[in-house]
Amino acid sequence: MTEGRAFPPCLFSFISAMDNKIRSLRMEHITKRFPGVLASDDISISVSEGEVLALVGENGAGKTTLMNILMGLYQPDEGSILINDEPVRFRGPEDAFRAGLGMVHQTYMLVPNMTVTENIALGYKKAWKHLRLDMKEVRDRVMEVSSHYGLSVNPDAYIWQLSVGEQQKVELVKTLCLGARFLILDEPTSALTPQEVDELIVLLHRMTAELSIIFISHKLQEVKALSNKVTILRHGKVVFSGNTDDFSSKEIAAKMTGHEIVLPRNPGGQDRGEAVLSIKDLTVMSDRKTVALDHLSLDVSAGEIVGLAGVSGNGQRELAEAINGLRKAESGSIMFFGDDIVNKSPHDVIAKGMGYIPEERNTEGIVPSFSIKENFVLKDISSETFSSGIFTKQKKIDESAERLVKRFDVRCPGTGTAAGSLSGGNIQKVILAREIERKPRFLVAVYPTRGLDMGAVEFIHSELLKIRESGIGILLISEELDEIMDLSDRIAVIYKGSIQRVLPKAEATAERLGILMAGVKEE
């Protein structure tokens, strides 16, 4: 490995020399190997002061691994990192923090039952005075950073009380409080609403006056809107680098996947079958004990996709959980093929043929410590296909897992790999593969393409349309209006826990949906 200079544990001499500015950052010829995988293959990238570099590629291309090397979480097998033309070697994240690097990870690193201030205090060592933690200083620092960058954050709110978008802002504030002068953002918009995405892009543009950014994303319209340069990885190698403005989103997508991306669309024209999921006057409380669903009613027929459009936090999560037995309903009914499944256990709902792609893939979609093949059979391990009495049919499990990994292009060293070690997009593929393979009678799909690259989105959209054509009903919950409009037969708009309007596909426009999502009722 090319040896750089290890930082001393105290103040770094080169930081004083660079006057607390990161004028340039380079990673040169970085190579990283894991058992069975060449994750980074001779990668070189560079970012200058005030620049935004978009790092894009398919799921498993090596983007997050490369950034984990930059942050000292992994050590490269070969190659070097240079800041302001000085070679450095980070022994861990603390060295990277001291150098002025900060990373907002795809999975937020926050403690839910602690306040915003308490979360930031965990890493804010400057607030320790005479073996005591000065919480007032931490709170003041949070307010100072929030005000300076235009990040509206309540320092006294508990993390569990915040929306995903608000948690995103807390992560940014935390990173900036710790002194970041160079930001690494890993899929920062994957869980945000369109409005929150627009706000974040404006905010990041403003921040480039003071710092540089590496921006990892699959959403190419955001890459175009935010970045100056783009570097594309494929199978751990750089396949393209250039100025973002010189290429269209379609051209960048083609360079990512090696072929032109054409997202399929619902052809429509299919007669509605009988209502297989019929929700009547459903009332459900939120975690904060406020009304999340207010006498909501909605029908979904066999062989149709009903898209649920709405700004995050208007009851989508509570609806999905109530349908799947994960949240108690106060009143109302959920008729599923003629049976009322309201307040039934998740086991009973699964047994009746319900498929579910949950919002929180890491905590609700998989068991992170279980292997990929074990996660594939979580719901069916007791079936005759995979077990006999108290014994599992390991050969059948292995054969099924190998087939699903290949069909859904799950990038992994092997099916025995812990699912939690995969990239976010590959975890999503594991969940999708399991739910589709089970051939459910109905599917509730919550953000099914969140965090997926364009090639994977193309594949998943095709799979959802195939399910529809086979006569299975789908409730599609998404904040991507393009996705909802491309796939749905009908679109229901939810606002403050009630359905505003249900529109046929032919009558739905982005402008009309946006007005309804804002709570404006049509005459």
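The values are calculated or read from the model by the stated rules, or taken from the named source; none is laboratory data. These figures come from a predicted structure and were not determined experimentally. Positions of Cβ are backbone-derived with ideal geometry, glycine not excepted, and every protein chain shown enters the neighbour counts.
Mind telling me which of the residues PHE247, PHE215, PHE240 ends up being closer than 16 Å to LYS63 by Cα and without any contact (Cβ under 8 Å) to a residue 24 or more places away in the chain?
Details: PHE247 fails: closer than 16 Å to LYS63 by Cα; PHE215 fails: without any contact (Cβ under 8 Å) to a residue 24 or more places away in the chain.
Step by step, each of PHE247, PHE215, PHE240 is checked, and only PHE240 is closer than 16 Å to LYS63 by Cα and without any contact (Cβ under 8 Å) to a residue 24 or more places away in the chain.
Evaluate region 357-365: report whether one residue or more is in a strand (DSSP E or B) and touching a residue at least 60 places away in the same chain (Cβ under 8 Å).
yes
Restricting to region 198-218, name every residue that is under 16 Å from the mean Cα position of the chain (by Cα) and crowded, with 22+ Cβ neighbours inside 10 Å. Break it down stepwise before answering.
Within region 198-218, the first condition is being under 16 Å from the mean Cα position of the chain (by Cα), and the residues that meet it are 200, 215-218.
Within region 198-218, PHE215, ILE216, SER217, HIS218 meet the criteria.
From the list THR189, THR175, THR231, exactly one residue is closer than 30 Å to PRO448 by Cα, of a type in the set (Val, Ile, Thr) and under 16 Å from the mean Cα position of the chain (by Cα). Which is it?
Values: THR175 fails: under 16 Å from the mean Cα position of the chain (by Cα); THR231 fails: under 16 Å from the mean Cα position of the chain (by Cα).
Criteria check complete, one pass: THR189.
Take the conditions surrounded by fewer than 17 Cβ atoms within 10 Å (Cβ to Cβ), out of contact with any Phe, Trp or Tyr (no Cβ under 8 Å at 6 or more places or on another chain) and not aromatic (Phe, Trp, Tyr) and apply them to SER470. Does it pass?
Values: surrounded by fewer than 17 Cβ atoms within 10 Å (Cβ to Cβ): yes; out of contact with any Phe, Trp or Tyr (no Cβ under 8 Å at 6 or more places or on another chain): yes; not aromatic (Phe, Trp, Tyr): yes.
Criteria met by SER470.
Across region 108-121, which residue is farthest from LEU25 (Cα to Cα) among those that are in contact with a strand residue (DSSP E or B) (Cβ under 9 Å, 6 or more places away or on another chain) and touching a residue at least 24 places away in the same chain (Cβ under 8 Å)?
ASN113
All but one of (1) touching a helix residue (DSSP H, G or I) at 6+ places or on another chain (Cβ under 7 Å); (2) modelled with pLDDT under 95; (3) part of a loop (DSSP other than H, G, I, E, B) hold for SER382; state the number of the condition that does not hold.
Every condition holds for SER382 apart from (1).
Go over the candidates LEU277, LEU296, LEU263, LEU308 one by one and state the one that is touching a strand residue (DSSP E or B) at 6+ places or on another chain (Cβ under 9 Å) and more than 15 Å from ALA445 (Cα to Cα).
Details: LEU277 fails: more than 15 Å from ALA445 (Cα to Cα); LEU263 fails: touching a strand residue (DSSP E or B) at 6+ places or on another chain (Cβ under 9 Å); LEU308 fails: more than 15 Å from ALA445 (Cα to Cα).
Being touching a strand residue (DSSP E or B) at 6+ places or on another chain (Cβ under 9 Å) and more than 15 Å from ALA445 (Cα to Cα) holds for just one of LEU277, LEU296, LEU263, LEU308, which is LEU296.
Name the residues in region 467-505 that are among the hydrophobic types (A, V, I, L, M, F, W, C), modelled with pLDDT of 90 or more and farther than 14 Å from LEU298 by Cα, would you?
The initial filter retains those residues of region 467-505 that are among the hydrophobic types (A, V, I, L, M, F, W, C), namely 467, 472, 474-477, 481, 484-485, 487, 491-494, 499, 502-503.
Narrowing the set further to residues that are modelled with pLDDT of 90 or more leaves 467, 472, 474-477, 484-485, 487, 491-494, 499, 502-503.
Selection gives ILE467, ILE472, ILE484, MET485, LEU487.
Just wondering, is there one or more residues in region 113-126 that are in contact with a helix residue (DSSP H, G or I) (Cβ under 7 Å, 6 or more places away or on another chain), exposed (fewer than 14 other Cβ atoms within 10 Å of the Cβ), farther than 30 Å from GLU58 by Cβ and outside the structural domain of LEU481 (by TED's automatic domain parsing)?
Taking every residue of region 113-126 in turn, at least one turns out to be in contact with a helix residue (DSSP H, G or I) (Cβ under 7 Å, 6 or more places away or on another chain), exposed (fewer than 14 other Cβ atoms within 10 Å of the Cβ), farther than 30 Å from GLU58 by Cβ and outside the structural domain of LEU481 (by TED's automatic domain parsing).
Do you know which of the residues in region 280-293 that are touching a residue at least 40 places away in the same chain (Cβ under 8 Å) and out of contact with any strand residue (DSSP E or B) (no Cβ under 7 Å at 6 or more places or on another chain) is surrounded by the fewest Cβ atoms within 10 Å (Cβ to Cβ)?
Initially, region 280-293 is screened for residues touching a residue at least 40 places away in the same chain (Cβ under 8 Å), giving 280-285, 287-288, 291-293.
Okay, now just the ones that are also out of contact with any strand residue (DSSP E or B) (no Cβ under 7 Å at 6 or more places or on another chain), so 287-288.
Details: ASP287: 11, ARG288: 8.
Of everything passing the filter in region 280-293, ARG288 is surrounded by the fewest Cβ atoms within 10 Å (Cβ to Cβ).
Tell me which strands (runs of 3 or more DSSP E) are completely within region 43-93 and hold 1 or more residues being acidic (Asp, Glu), or say none if there are none.
Values: elements: 52-57, 78-83, 86-89.
So the answer is 78-83, 86-89.
What number of residues within region 8-64 satisfy the criterion of being closer than 29 Å to ALA225 by Cα, of a type in the set (S, T, N, Q) and at pLDDT below 90?
Adding up the residues that qualify gives 3.
If a residue must be closer than 11 Å to ARG361 by Cα and either more than 11 Å from the chain's Cα centre (by Cα) or surrounded by fewer than 22 Cβ atoms within 10 Å (Cβ to Cβ) (or both), how many such residues does region 427-446 contain?
Taking region 427-446 first, the residues closer than 11 Å to ARG361 by Cα are 427-432, 446.
If we keep only those that are either more than 11 Å from the chain's Cα centre (by Cα) or surrounded by fewer than 22 Cβ atoms within 10 Å (Cβ to Cβ) (or both) as well, we get 429-432, 446.
Residues flagged as closer than 11 Å to ARG361 by Cα and either more than 11 Å from the chain's Cα centre (by Cα) or surrounded by fewer than 22 Cβ atoms within 10 Å (Cβ to Cβ) (or both) within region 427-446 amount to 5.
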